Amino acid sequence: MSDERLYERIEEASAFLAKRTGMAPRVCVVLGSGLGFIADQMTDVVKVPYTDVPHFKVSTVTGHSGEVVAGKVHGVPALVYSGRVHLYEGHTPKDVAFPLMAAIRHSVRSVLLTNAAGCVWPMWAPGDMMLIRDHINLQGVNVLAGPWDSRLPERFVDLSDLYSARLRSAVKHFAADAGIALREGVYTGFLGPSYETKAEVRMARTLGGDAVGMSTVQEAIAARRFGAEVVGISVITNHAAGVSSSGLSHAEVKENAHKARERIVSLVTGLVPVLDAAAA
């Protein structure tokens, strides 16, 4: 997606979502690889394939169903993106972040980004969940780069509180009360689709990263630009290269996400009312 007519494209997609879903939720959840089962917990559901939404791109990656799911989670209206597109599929940063731009233009005020990630620490294990405190962008691009359109929000965005400290505090309190173990750390975003080399994992660890993945970064930046508060959860689905002796595969990522299903569902669905209250 080019910068040309970005404002108009956002308006078109936002108006379409409002009409097709008939809802104005304050919370949007983006589901990462193998996490589509979370959308199955919703009620009063309206599903819209990405192919129907103006200017949405469709993922070519297994584990990303590619549909907007509007409905209620524990009685709270929410917009769930079941699947995302990635830079490594040949998409631009604006393609990747466009669904969130449209959602925020529509009604959303709090964004929960989820992803499947590899951990750089041997003492962490697949199935762990990490609250994202911050990120390191090693994807080589930034969604804010490009021609300026005065109708869009400020391009020089302060990211010092990108992953909202206020929301992270609310998430930690919820997890503690619910008895859900939750780590906290820094997500390092790589371009992909190849998994990181051992040297790249050592670099990420040296730079302060705790988990590595191929998504989230562009979406978080765009969401902040458009005025939403952002919180992120990484589901640890594997040890990164060099941390363990086993090889890496996308099948392993999906399998380990499924094994942690019950805890992931409890956390993510439980957070929707928390984020909705915070956005009020």
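Rule-based calculations on the coordinates, nothing more; no lab input. Model, not experiment: these values are computed from the prediction. As a convention, Cβ positions derive from the backbone with ideal geometry for all residues, glycine included, and neighbour counts pool all protein chains shown.
Order of His86, His74, His173 from fewest to most other C-beta atoms within 10 Å?
Final ranking by Cβ density, sparse to dense: His173, His74, His86.
Could you go through the stretch 82-94 in sequence order and give the Karplus-derived ³J(HN,Hα) for each residue, using 6.51 cos²θ - 1.76 cosθ + 1.60 with θ = phi - 60°, rounded to whole Hz, and x for Gly and Pro?
8, x, 9, 9, 10, 4, 5, 7, x, 8, 7, x, 6
By count of other Cβ within 10 Å, fewest leading, how are Leu6, Leu275 ordered?
The fewest-first ordering by Cβ neighbours comes to Leu6, Leu275.
Calculate the spin-label point distance for Ala280 paired with Glu184, positioning each point 7 Å from the Cα along the beta-carbon direction, and give it in nanometres.
2.5
Between their Cα atoms, which of Lys94/Lys254; Lys198/Lys254; Lys19/Lys254 are more than 28 Å away from each other?
Values: Lys94/Lys254 26 Å; Lys198/Lys254 22 Å; Lys19/Lys254 33 Å.
In this structure, Lys19/Lys254 lie more than 28 Å apart at Cα.
Using DSSP loop states and a limit of at most 16 other Cβ atoms within 10 Å to flag chymotrypsin sites (Phe, Trp or Tyr not before Pro), what is the longest stretch of the chain containing no flagged site?
The longest uninterrupted stretch comes out as 1-147.
Quick one: which residues, 5 or more positions from Val80 or on another chain, have an amide H under 5 Å from its amide H? H modelled 1.01 Å from N in the peptide plane, none for Pro or chain starts.
Here Val29, Val69, Ala70, Gly71 satisfy the definition.
Looking at the stretch 6-279, what % of its DSSP beta bridges pair antiparallel, to the nearest 5?
DSSP beta bridges in the stretch 6-279 are roughly 35 percent antiparallel.
Could you list which residues have their amide H under 5 Å from that of His239, counting only those 5 or more apart in sequence or on another chain, with H placed in the peptide plane?
Result for His239 returns Cys119.
Please report, for the Cα atoms of the chain, the Rg to one decimal and the Dmax as a whole number; what are they, in angstrom?
Radius of gyration, then largest Cα-Cα span, for the chain: 17.4, 51 Å.
Rounded to whole Hz and in sequence order, give me ³J(HN,Hα) for the stretch 150-156 from the Karplus expression 6.51 cos²θ - 1.76 cosθ + 1.60, θ = phi - 60°, writing x for Gly and Pro.
Coupling constants for the stretch 150-156: 5, 7, 8, x, 3, 7, 8 Hz.
Taking θ as phi - 60°, what are the ³J(HN,Hα) couplings along the stretch 6-13 by the Karplus curve (6.51, -1.76, 1.60), each to the nearest whole Hz, with x for Gly and Pro?
Going residue by residue, I get 4, 4, 5, 5, 4, 4, 5, 5 Hz, with x marking Gly and Pro.
Assuming 0.36 nm per residue, please report the length gained on full extension of the stretch Glu11 to Trp148 beyond their Cα-Cα distance.
Once the chain is fully extended between Glu11 and Trp148, it gains 47.6 nm.
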